[in-house]
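In what follows, a single structure is set out as structure tokens and then discussed.
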Amino acid sequence: MKVLCVLYPDPIDGYPPRYARDSIPVIERYPNGQTLPTPSAVDFTPGELLGSVSGELGLRKYLEDAGHTLIVTSDKEGPDSEFERELPDADIVISQPFWPAYLTPDRLAKAKNLKIAITAGIGSDHVDLATAIDRGITVAEVTYSNSIGVAEHTVMMVLSLVRDYLPQYKIVLDGGWNIADAVKRSYDLEGMDVGVFAAGRIGRAVLERLKPFGVRLHYTDRFRLAPEVEAELGATFYDNIQDLVKNVDVLTVHAPLTDETKGLLNDELLGTMRRGSYIVNPARGAIADRDAIVRALESGQLAGYAGDVWFPQPAPADHPWRTMPHHGMTPHTSGTSLPSQARYAAGTREILEAFLGGEPIRPEYLIVDGGSYAGTGAHSYASK
Ligand code: NAD
């Protein structure tokens, strides 16, 4: 089989990098008891950079020993890209959300042999799921592989925005010491109302991690948490995001990108929030209306926005989120720390071993299968 794998480019100063640490912690299980990936073996040392082209997700030896062809490229945009040139006879496409190989209906029409699109990570909206359903293409992702990392990033950005950390760091870099400038927008998180939009794996981990900060927690999801979980968190449930956002100072966003969530953070919704609210959105860029976010930051309706995710990716050099005021944007890094890479590389191999061996893929990894949403896809992506 021909496996076409799209990964982000190597570090500009070469591969492999000099690693900052010698090992990564061993995690036994995910918080809900789900086991970590269980491939028969891996051909990499956890902690290595696997998500860039030379890292190859550690898959080359395994695939080539089994007689398959592996093509790895970062060249993914436009009809002359290596990705589009190699797509027509590819059986398997692997891509990471950080550097997504967009599988649009047009591209899927050209991919006559495609049987499975694997997301090395979480979030498969870069694949046109309706077309995958029509064509019987399987879409699978490595559920939970980086959820905790994204929750950690979310907490980091909530604190960073509320305390106004980034401008303070800049003052230091610039050789300054003006404390008044550094603190004139600096607040404490303690006592604030924090709202979580979608309490799945990431959203729930964010609620749990923010609870000790002495905040009041609020959330909405299509599925309510169990009463004992809600009670333990002391979290107030809302039926919809409209009611949620009116009651919070900080909103964090953790829903998948679907027809229902696309463009949700628009002028109208932002206008109902408390003046000076903060938003942290490590879910998907297109859940926010790009220009509405800029307007809200410029007017002061929002006091800060930290995004991590953009549309498209990579974002063009002139994307307005690079230069809007009071932002804490990152280039989609929250889910691709070195430990996350080790988990989703192993999970990608687990999915490949199952698929190539004719065995079932774990339901929790499935988004689309057999012509309909399946597994996690049926829970998190399908219209309710
Ligand atoms: P999950 O499937 O565990 O949780 C998603 C939750 O969203 C579910 O509880 C679902 O019920 C809820 N939901 C779906 N549609 C909704 C709607 N219209 N209204 C309210 N709730 C809705 O997934 P997760 O692991 O928590 O990840 C969530 C999303 O975060 C992913 O789909 C992905 O887009 C994004 N993500 C980003 C990164 C990153 O690196 N920045 C990494 C992992 C995931």
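The values are calculated or read from the model by the stated rules, or taken from the named source; none is laboratory data. The model shown is predicted, which means the values in this text are computed figures rather than measured ones. Positions of Cβ are generated from backbone atoms using ideal geometry, with glycine treated the same way; all protein chains shown enter the neighbour counts. These accessible areas exclude ligands, DNA and RNA; they are computed on the full protein's heavy atoms, side chains included. Shrake-Rupley method; radii C 1.70, N 1.55, O 1.52, S 1.80 Å.
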How large is the helix-only mean residue ellipticity at 222 nm for the chain, computed as the sum of -39500 (n - 2.57) over DSSP H runs with n ≥ 4, divided by its residue count, in deg cm²/dmol to the nearest 500? -8500 deg cm²/dmol
How far is it, in nm, from the label point at Lys246 to the one at Thr323 when both lie 7 Å from their Cα along the line to the Cβ? 3.8
For the pairs Lys112/Lys384; Lys76/Lys384; Lys262/Lys384, note any where the Cα-Cα span goes beyond 27 Å. Lys112/Lys384; Lys76/Lys384
PRE zone check, label point 7 Å out along Cα-to-Cβ of Thr45, amide N under 18 Å, scope the stretch 7-28, hits 15-27
Quick one: Karplus J couplings for the stretch 262-277, per residue in order, coefficients 6.51, -1.76, 1.60, θ = phi - 60°, nearest Hz, x for Gly and Pro? 4, x, 4, 7, 10, 3, 5, 5, 4, x, 8, 7, 5, 4, x, 6
Neighbourhood net charge (10 Å Cβ-Cβ; Lys/Arg +1, Asp/Glu -1) for Thr131: -1
The stretch 258-318 and the stretch 117-132: distance between their alpha carbon centers, rounded to Å: 23
Three-way shape label, the stretch 196-334, alpha-carbon gyration tensor, a/c 1.5: prolate
Under 19 Å from a point placed 7 Å out from the Cα of Arg275 along the Cα-to-Cβ direction: which residues of the stretch 303-342 have their backbone N that close? 303-305, 325-326
Gaussian network model of the chain, Cα within-10 Å springs - most flexible of Leu166, Leu108, Leu36: Leu166
So, relative contact order of the stretch 171-315 in percent, Cα under 8 Å, 6 or more apart, is 19
Considering the chain as a Gaussian network with a 10 Å cut-off on Cα pairs, which listed residue, Glu86, Glu350, Glu48, attains the greatest mean-square fluctuation? Glu86
When all protein chains stay in place, what accessible area (Å², nearest 10, 1.4 Å probe) is found for Tyr30? 10
Honestly the stretch 1-109 on the Cα gyration tensor test (a ≥ b ≥ c root eigenvalues; a/c under 1.5 rounded, otherwise a/b vs b/c for prolate or oblate) is just prolate
Straight-line reach check, Lys170, cutoff 17 Å on alpha carbons, 8 or more apart in-chain or any other chain, hits among lysines -> Lys184
Highest-MSF residue in the chain out of Pro227, Pro105, Pro256 [GNM, Cα springs under 10 Å]: Pro227
Would you list which lysines come within 17 Å of Lys61, measuring only between C-alpha atoms, while excluding same-chain residues fewer than 8 positions from it? Lys2
Mean separation of Cα pairs under 8 Å and 6+ residues apart, divided by the residue count of the chain: what relative contact order is that in percent? 18
Counting Lys +1, Arg +1, Asp -1, Glu -1, what net charge surrounds Ile351 among other residues with beta carbon under 13 Å of its beta carbon? -2
Global form of the chain, assessed from the alpha-carbon gyration tensor, a/c cut-off 1.5: prolate
Pick out the long, greasy-scoring helices in the chain: whole DSSP H runs spanning 20 Å or more along their own axis by Cα, mean Kyte-Doolittle at least 1.0. 147-163
